[in-house]
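The values are calculated or read from the model by the stated rules, or taken from the named source; none is laboratory data. Note that the coordinates shown come from a computational prediction; the quantities given were computed from them, not determined experimentally. Counting neighbours? That spans all protein chains shown, and the Cβs are built from the backbone with ideal geometry, glycine included. Remember, those area values only see protein heavy atoms, side chains included, never the ligands or the DNA or RNA. Shrake-Rupley method; radii C 1.70, N 1.55, O 1.52, S 1.80 Å.
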Amino acid sequence: MAIDYLKRGKPEADRAEDDAKTASVVASTLKDIEARGDAAVRELACKFDNYDRDSYRLSEAEIEAIIAKVSPREMADIKFAQDQVTKFAQAQRDSMLDIEVEPMPGVILGHKNIPVQSVGCYVPGGKFPMVASAHMSVATAKVAGVPRIVACTPPFNGEPNPAVIAAMHLGGAHEIYVLGGIQAVGAMAIGTESIAPVHLLVGPGNAFVAEAKRQLFGRVGIDLFAGPTETMVIADDTVDAELCATDLLGQAEHGYNSPAVLVTNSRTLAEDTLKEIDRILTILPTAGTARVSWEDYGEVILCDTYDEMLAVADEIASEHVQVMTDRDDWFLDNMTCYGALFLGPRTNVANGDKVIGTNHTLPTKKAGRYTGGLWVGKFLKTHSYQKVTSDEAATLIGEYGSRLCMLEGFVGHAEQCNIRVRRYGGINVPYGEGAPYRDAAE
């Protein structure tokens, strides 16, 4: 492969060192929450958000008063976006069917899709009030039928953000807490004197939130590893540098560690995009964040062929992948590792983040190699069941089962089968032996 890095980001070793520091802080914080419960959560909220109140849970009256601050136009926009998200989530839910089959007479097998019984939805909001994240987690959980939906979001400028609280409430949250960071996800997963623990944690967040979810996995379920945002633009000379630079910086403004990568087979486009990024950073109001992110985590990768572009893209497995080429559907057909695809110059990541209807909680840090993003199915558990309804089936399955258990040396297992063979088939199987072969069972 002839791949040329016109710009590289922070070395992997440095990134790993940052991750290790984050992991240490998270581990000690979660241990403190487990030991001291509400007291630890309160100290953390005061320390990191400078926010204290008698109860971090909002009452119904408080929710109504906060939502009243949202203008009619803003409320209409929130409802439009939430409607888009719930319609797509409902279509996904409708595709997930319970099944029941009878593969042989008297043997019934099936599965049921059962909602997780409680979920904690984290909605980021300390730096930017992430209204859309409430749709993605809370509203989608409601579509799945989750009976207890807990939502946490940090204060914004010292108070609950009205638009975020409105989206949570409209989405169907049963409990809303004004808590952020490790203390929020820790409290929801571990539980405190005032917050009952949940079964599943979902939602994006900064590096500390993502690491907390990783460390809590096992105690509770998590949707996926959704850390600081990542974006990739795959482009050829069918588009211009302004479009590429805008799409890269549009995601780099999220935080100081948001990777943004251009993969192209056009040297002209690559060089022009670098210049255009410099120009936009002089006028972008969020350049203070985007510039640091671009300098430390931005990359421009020049390839010779489309096959090379595909290979590089799959290796990086970026969260958001914007494809603007003369063969967008070819990338759709052939890419295997990513969070979500945004195909064609008319499409953009911000659409997916805020309004178009697909879920914006997506895998980061190469997790797209083994999982897709948050969707209604993440809130459902598929449980199987089986039932034997005839003596003949109990006998036949029991005979096979008996012999296969003995093949593995499980005598107790074999007896579970043998007792049915004796009772329902009238066949004398000596204790501790496998069922005899019969013509009917061959």
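A few notes on this one:
- Residues being surrounded by 22 or more Cβ atoms within 10 Å (Cβ to Cβ) and either out of contact with any strand residue (DSSP E or B) (no Cβ under 9 Å at 6 or more places or on another chain) or farther than 18 Å from T229 by Cβ (or both) - total across segment 369-381: 3
- Residue list for segment 149-180, restricted to those being open to solvent by less than 20 Å² (accessible area, probe 1.4 Å) and not in a loop (DSSP other than H, G, I, E, B): I149, V150, A151, C152, V164, I165, A166, A167, M168, G171, I176, Y177
- When residues of segment 221-233 are limited to those that are in contact (Cβ under 8 Å) with a residue 40 or more places away in the chain and in contact with a Leu (Cβ under 8 Å, 6 or more places away or on another chain), the one surrounded by the fewest Cβ atoms within 10 Å (Cβ to Cβ): G221
- Failed criterion for T358 (all others in (1) in contact (Cβ under 8 Å) with a residue 12 or more places away in the chain; (2) outside any loop (DSSP other than H, G, I, E, B); (3) of a type in the set (S, T, N, Q) hold): (2)
- Every pair of residues 6+ apart whose Cβ atoms lie under 7 Å, when the first sits in segment 380-394 and is in contact (Cβ under 8 Å) with a residue 40 or more places away in the chain and among the charged types (D, E, K, R) while the second is surrounded by 15 or more Cβ atoms within 10 Å (Cβ to Cβ) and in a strand (DSSP E or B): K387/I108
- Members of segment 20-71 found to be over 23 Å from F217 (Cβ atoms), open to solvent by less than 40 Å² (accessible area, probe 1.4 Å) and not hydroxyl-bearing (S, T, Y), listed by number: A45, L58, I63, I66, I67, V70
- Residue in segment 328-340 that is open to solvent by 10 Å² or more (accessible area, probe 1.4 Å) and among the hydroxyl-bearing types (S, T, Y) present: yes
- Lone qualifier among A89, A81 - being touching a Lys or Arg at 6+ places or on another chain (Cβ under 7 Å), assigned to a helix (DSSP H, G or I) and open to solvent by less than 20 Å² (accessible area, probe 1.4 Å): A81
- Filter pass, L269 being more than 20 Å from A313 (Cβ to Cβ) and without any contact (Cβ under 8 Å) to a residue 40 or more places away in the chain: no
- Picking from residues in segment 254-302 that are among the aliphatic types (A, V, I, L, M) and part of a loop (DSSP other than H, G, I, E, B), the one that is nearest to E17 (Cα to Cα) is L284.
- Residue check, Y256 touching a helix residue (DSSP H, G or I) at 6+ places or on another chain (Cβ under 8 Å), at pLDDT below 95, surrounded by fewer than 21 Cβ atoms within 10 Å (Cβ to Cβ) and among the aromatic types (F, W, Y): yes
- Single residue of S118, S133 found to be under 20 Å from the mean Cα position of the chain (by Cα), in contact (Cβ under 8 Å) with a residue 60 or more places away in the chain and surrounded by 24 or more Cβ atoms within 10 Å (Cβ to Cβ): S133
- Among (1) closer than 30 Å to V263 by Cβ; (2) aliphatic (A, V, I, L, M); (3) touching a residue at least 40 places away in the same chain (Cβ under 8 Å), the one test that A16 misses: (3)
- Hey, V300 open to solvent by less than 60 Å² (accessible area, probe 1.4 Å), within 14 Å of Y5 (Cβ to Cβ), more than 25 Å from the chain's Cα centre (by Cα) and modelled with pLDDT of 95 or more or not: yes
- Among helices (runs of 4 or more DSSP H) entirely within segment 1-71, having at least 1 residues that are in contact with an Asp or Glu (Cβ under 6 Å, 6 or more places away or on another chain) singles out 12-36, 38-49.
- Search result, residues across segment 77-129 that are within 30 Å of G191 (Cα to Cα) and small (G, A, S): A89, S118, G120, G125, G126
- Of all the numbered requirements in (1) assigned to a loop (DSSP other than H, G, I, E, B); (2) surrounded by fewer than 24 Cβ atoms within 10 Å (Cβ to Cβ); (3) under 17 Å from the mean Cα position of the chain (by Cα), L97 misses one, and that requirement is (3).
- The residues in segment 181-206 that are touching a Pro at 6+ places or on another chain (Cβ under 7 Å), at pLDDT 95 or above and surrounded by fewer than 24 Cβ atoms within 10 Å (Cβ to Cβ) can be counted, and the count is 2.
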